[in-house]
Amino acid sequence: MRASQLLLPTVKEDPAGAEASYREALRIAPAYAEAHVNLGVVLMARGAIDEARESFCRAASLVPDSTAASVNCANATALAGDDETAIARYRGVLALEPGNVAARVGLAGRLLATGRNDEGFALLERVVAERPAVAAAYLLYGGELDRRGRASEAEAAWREVLRLDPSNAAARRRLGA
């Protein structure tokens, strides 16, 4: 068992204590990538997006072949509003792991958000054709289908979101459920 696994339960029960523990672990071992990731999770949960991004991106720089750390970095970068850097980071992940669904969906979302609708939609079509169990893919896909006037296909995509994630409020709202 890793030391960080001993701390994980405290993230839900005691976020401030978990944050302090991860900060202390990083004071002792600044190159401990897993602690950077776990700290990023705690920071993201309390809405400290810029700090979370810094922590996730530090983990990604410490372990450059970790696509999971790089996707976390890209996601936090996108949430921080830096779409172009997020796009570059997602593309970097895909250069290492072309089939990474999280990076493909994240990239598609940022492309759509920055007006590169054709490229984003084409990427989503390829992802959805593979039928991943990723609600976010279908939610984005449904939104772009709806924007293109393809309402019945959009509804089918949103129903797939609810099949995968029955509590998804965005899909329920879009379906009027």
Where Lys and Arg each count +1 and Asp and Glu each count -1, what net charge lies around residue 67 among other residues with Cβ under 13 Å from its Cβ? +1
Estimated [θ] at 222 nm from DSSP helical runs (n ≥ 4, -39500 (n - 2.57)) normalised by residues in the chain, nearest 500: -24500 deg cm²/dmol
Can you work out D for the chain in µm² s⁻¹ from Stokes-Einstein, where Rh is the Kirkwood radius over C-alpha pairs, the temperature is 37 °C and the viscosity is 0.692 mPa s? 189
Please check: in the Gaussian network model of the chain (C-alpha springs, under 10 Å), which one of 54, 144, 153 has the largest mean-square fluctuation. 153
For the range 104-148, list log₁₀ I(q)/I(0) at each q in 0.14, 0.18, 0.19 Å⁻¹, using the Debye formula over Cα point scatterers of equal strength and ignoring solvent, two decimals each. -0.24, -0.40, -0.45
Rg(Cα)/(2.2 N^0.38 Å) for the range 48-98, N = residue count: 1.00
Per 5 angstrom bin, beginning at 0 and ending with the bin that holds the maximum distance, the Cα pairs of the range 83-127 fall in percents of 6, 28, 35, 25, 7, 0
For the range 57-158 the mean separation of alpha carbon contacts under 8 Å (6+ apart) over residue count, i.e. relative contact order in percent, is 16
Answer with one residue from 44, 143, 121: the one whose Cα lies farthest towards the positive end of the charge dipole of the chain, charges on Cβ with Lys, Arg +1 and Asp, Glu -1. 143
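Coordinate-derived values only; no laboratory data. Please read all numbers here as calculations on a predicted model, not as lab measurements. FYI the Cβ positions are ideal-geometry reconstructions off the backbone, even for glycines, and counts take in every protein chain you see.
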